[in-house]
Amino acid sequence: MSDSASPDDDGDDPAQGLRKIIHVDMDAFYASVEQRDDLALRGKPVAVGGDGPRGVLTTCSYEARKFGCRSAMPSATAKRLCPGLIFRRPRFDVYTGVSRQVRAIFFDYTPLVEPLSLDEAFLDVTEDLRGIGSATRIAELIRKRIREETGLTASAGVSYNKFLAKLASDQNKPDGLCLIRPGEGAQFVAAMPVRRFFGIGPRGAEKMAALGIETGADLAAHDIDFLRRHFGSQADYLYRAARGIDLRRVKANRARKSLGAERTFDKDISSGSALREVLERIIAITWERIAKAQAQGRTVTLKLKHADFTALTRARSLARPVATRDEFAAIGHALLDEVLPLAQPVRLMGLTLSQLDGEEEAIPQPARKTGQLPLF
């Protein structure tokens with residue numbers, strides 16, 4: 001059954017059958033790696049990100065979260081909330097290495113792994129490679145191995161679809177596990193605040209609150225026509241989510257759409273020479289990521305963000321993949337030259353390569369065993 005199935009569908013897909021899905025989410029991943037690698041940081045409030053006037057937290061440790069710090073918060077705000085906050089610059093090469101370790105563990109149990117980012121992934125263990133049969137037991141084994149092999153903790157959610165598994169993984173954080181059995185999804189979702197639903201941000205939650213919708217039960221009380229009037233194209237998703245229905249399959253080896261890097265400046269920049277210097281550094285970072293992923297792409301995009309947060313982009317596409325770093329750099333500088341001189345200073349610059357033909361990991365798919373019972 002396709003993702004565009006009618007919202008009146010009860011979620012029973014005869015072709016797909018009952019699935020066993022695990023969502024694994026590393027706990028405060030970047031900050032936990034920093035605490036693991038520096039004993040002096042353990043038990044301390046740690047933030048990963050820039051600590052300048054325009055810095056933003058990429059993530060923070062649970063000790064920092066007790067003060068109200070959170071991901072994507074301006075660093076200045078975080079420092080006011082937690083004066084003892086310790087900042088560390090991101091080390092993405094290290095985080096990527098750990099992520100590969102964790103992903104290798106996943107592939108010991110199933111070939112159906114859908115990474116969402118460096119620190120989280122969906123696993124379909126309906127037919128697991130080791131014949132264990134119990135999704136909960138597999139999740140426990142994975143969490144144990146992550147701790148033993150990386151020194152880090154992970155939380156896991158186990159259920160019969162992706163939406164519920166992702167909600168469950170956040171339920172008992174950090175270092176926890178939550179199971180939502182078949183038949184329990186609607187009841188679990190009914191008590192859940194809608195702000196916890198994937199895809200509902202602060203503004204969406206505010207709009208729902210204005211309509212008297214605070215929980216999954218409140219959302220489920222409205223029919224599809226009401227939801228379409230107020231939420232448009234998101235209505236079908238909301239209708240199903242409020243009932244614990246999710247028809248999406250785990251998509252193994254999801255293709256990366258782009259590779260790039262960006263930098264936010266401590267002070268706005270308008271000088272062409274200064275921007276060219278920054279662009280060179282961004283090119284170096286981006287091309288290193290492209291080379292490591294062994295990716296090939298045909299479109300180079302330059303992004304500039306002004307002080308008022310309005311964005312300006314320029315892109316150039318080739319009929320073939322960009323061949324070398326020098327060619328990539330030449331296109332990036334040509335795009336910058338197109339917008340110089342600037343009408344106003346910029347606070348951020350980014351460069352990406354998209355329309356990718358290659359991907360970071362072409363992992364061979366092991367043969368799948370069959371005949372496992374649908375035990376959770």
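For the listed peptides 115-122, 55-62, a ranking on the average number of other beta carbons within 10 Å per residue, highest first, reads 55-62, 115-122.
Using all pairs of distinct alpha-carbon atoms, the Kirkwood hydrodynamic radius of the chain works out to 23.0 angstrom.
Which entries in the list K44/K173; K267/K303; K166/K251; K66/K267; K44/K166 go over 20 Å, if you measure between the two C-alpha atoms of each? Write down the numbers at each step before the final one.
Numbers: K44/K173 18 Å; K267/K303 17 Å; K166/K251 15 Å; K66/K267 31 Å; K44/K166 28 Å.
Going by Cα-Cα distance, K66/K267; K44/K166 fall outside the 20 Å limit.
Starting with the fewest neighbours, write out H222, H230, H23 ranked by other beta-carbon atoms found within 10 Å of each beta-carbon. Kindly include the intermediate steps, with their values, before the conclusion.
Values: H222 19, H230 16, H23 27.
Fewest to most other Cβ atoms nearby, the residues stand as H230, H222, H23.
How high is the relative contact order of segment 185-246, given as a whole-number percent (alpha carbon pairs under 8 Å, six or more residues apart)?
Details: 67 pairs, mean separation 25.4, N = 62.
41 percent.
Along its first, second and third principal axes, ordered by size, segment 258-356 spans 35, 23, 22 Å in Cα coordinates.
Put simply, when 306-319, 283-296 are sorted by average Cβ atoms within 10 angstrom per residue, most first, you get 283-296, 306-319. Grab the beta carbon distance between A311 and R137, set R0 = 51 Å, and tell me the FRET efficiency rounded to 0.05. Computed FRET efficiency for A311 and R137 comes out at 0.60. When each of I22, I331 is scored by the number of other beta-carbon atoms lying within 10 Å, the sequence from fewest to most is I331, I22. With contacts taken as Cα pairs under 8 Å at a separation of at least 6 residues, the chain carries a relative contact order of 17 percent.
For segment 29-91, averaging the sequence separation of C-alpha pairs within contact (under 8 Å, six or more residues apart) and dividing by the residue count gives a relative contact order of 34 percent.
Since every read-out is calculated from the coordinates, none of them should be taken as a lab result. In this text, all values refer to a predicted model and were calculated from it rather than measured experimentally. Glycine also receives a Cβ, built like all others from the backbone with ideal geometry; neighbour counts cover every protein chain displayed.
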